[in-house]
1. Working only within region 108-138, note down all residues that are farther than 24 Å from F215 by Cα and under 14 Å from the mean Cα position of the chain (by Cα).
2. Checking the condition under 30 Å from the mean Cα position of the chain (by Cα), farther than 22 Å from D68 by Cα and in the same structural domain as S78 (by TED's automatic domain parsing), which residue from Y176, Y141 passes?
3. Which of the numbered conditions does P29 fail, given that it passes all the others? Conditions: (1) at pLDDT 50 or above; (2) surrounded by 13 or more Cβ atoms within 10 Å (Cβ to Cβ); (3) over 13 Å from P65 (Cβ atoms).
4. Of everything in region 130-139, what is surrounded by fewer than 22 Cβ atoms within 10 Å (Cβ to Cβ), out of contact with any Ser or Thr (no Cβ under 9 Å at 6 or more places or on another chain) and not in a helix (DSSP H, G or I)? Give them in sequence order.
5. Just to verify a result, which residue in region 229-263, among those that are surrounded by 14 or more Cβ atoms within 10 Å (Cβ to Cβ) and at pLDDT 85 or above, is farthest from S389 (Cα to Cα)?
6. Does L297 fit the bill of being of a type in the set (A, V, I, L, M, F, W, C) and touching a Ser or Thr at 6+ places or on another chain (Cβ under 9 Å)?
7. With the structure loaded, tell me whether F346 is of a type in the set (A, V, I, L, M, F, W, C) and over 26 Å from the mean Cα position of the chain (by Cα) or whether it fails that test.
8. For region 299-409, please list each of the helices (runs of 4 or more DSSP H) lying entirely inside it that holds at least 1 residues being closer than 18 Å to S280 by Cα and in contact (Cβ under 8 Å) with a residue 24 or more places away in the chain.
Amino acid sequence: MQTIHRRAAAALVGSLLVATNVASGQVAPEAAEILRKAAQVAASLKSIGYSAKYVPESQDKTGLPAIDATVIATRGSSSSSHRISIMGTTQSPHQPRQAAFAYACDGATVYWVDHNEKKFSFAPAAQSYFIERQAVFPEHYFSADAYEQELKAPRVNLQPSQTIGQVPCHVVKIEYDPRGQASAVFFLGQRDFILRRIERRSNQPGIGQSQGSVFSVSSMQINPTISDEVFTPKPPEGFNEQPMPAARVRPAPPPETSTNGKHADRTATGPLAPDWTLKSMDGRDVRLADLRGRVVLLDFWATWCGPCRMAMPGVQRLHNKFAGKPVSIFGVNCLERGGTDRAVQFIRDKGYTYPQLIDNGFVANAYGVRGIPTFVVIGPDGRILFRGSGYSPQQEEKIESIIESAIPN
């Protein structure tokens, strides 16, 4: 039943967010200028905090949850890598009591705390879907193309100003299609052009005669300083760690390679690998730029990751096989929940001898690591030849073949 309600919620939020671009020309210049200024401000925001309310208004009784939450966030390089903490409650017609929850994303991993059921779950950010996040953290705060859909809408009009939580606001009404079946009203601060409220309405067939929602904020803080610790919660005492519910997980994408799935050869070209300098577990500085002319394999891992542990004997085998050749193989410990000491002790206990680097998440983010283990092969010219996630013997063989093909004569 929860899955049905989540799908209904997703259908509503999705239908209200999708804009139909129909050329009409009924766009008020002053309204468009306000949206452009709001987009410029959104592009410059580094962090934000506020209290949020999401109230569904539906005549088809889909059971959409009302949400009351505190939100803090810092900008990442993409929508799935923003660091976000949401703590709040949900209430819906099919829910006899308020449900307390906490959501956090550290840019690579999503954490979910169900206080009512005393459950703690986590999953790769790029593979996670939470209607709660969509509802109380609109993309208009950090999106690089905030308000692009609104500016392309057939009707954009300026409404009389209103005050939201003691903040005087510009009011801009958007009609996403010429028949008025999907619309939204945006309330943007007159001084800072930051979003304070959205009223959405949809009359599209297939999802009910009339549906809508109101998102509003108060107690806003602009560019506050936020500790990284709030984005990596630990299981509360007495809570059970469980797999992320299936309704909240998207299928994992297939492994990516710069050679369209084929084995790399010396002529294959891919994106230039981001440079980095990391500390090794024995205290040395290791810099990618110093490894030019060598093939480099990076294995992003953590001690709590079962597939990572399964893959490590194979990485050790590759390290042994290519010893004495222009090949450098590194484990990159990231997303570690037990601290560096735990990772160091794990390597010692297992007897692995290939070099280990310590990453606080910046390199993992730069390489688009969304789940672990993730393997990256970098050619002698510094370009990425292969990137893939997960563990399988077949992938291990593929990585081995790519390294062999890329070794310079």
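1. Of everything in region 108-138, those that are farther than 24 Å from F215 by Cα and under 14 Å from the mean Cα position of the chain (by Cα) turn out to be A108, T109, F122, A123, P124, A126, Q127.
2. When all the criteria are applied, what remains is Y176.
3. The number of the failed condition is (2).
4. F130, P138
5. Per the stated criteria, the residue is F239.
6. yes
7. Yes, satisfied.
8. Answer list for region 299-409: 306-321, 340-350, 362-366.
The values are calculated or read from the model by the stated rules, or taken from the named source; none is laboratory data. Remember, predicted model here, so these are calculated numbers, not experimental data. We place every Cβ from the backbone using ideal geometry, glycine too, and count neighbours over all the protein chains shown.
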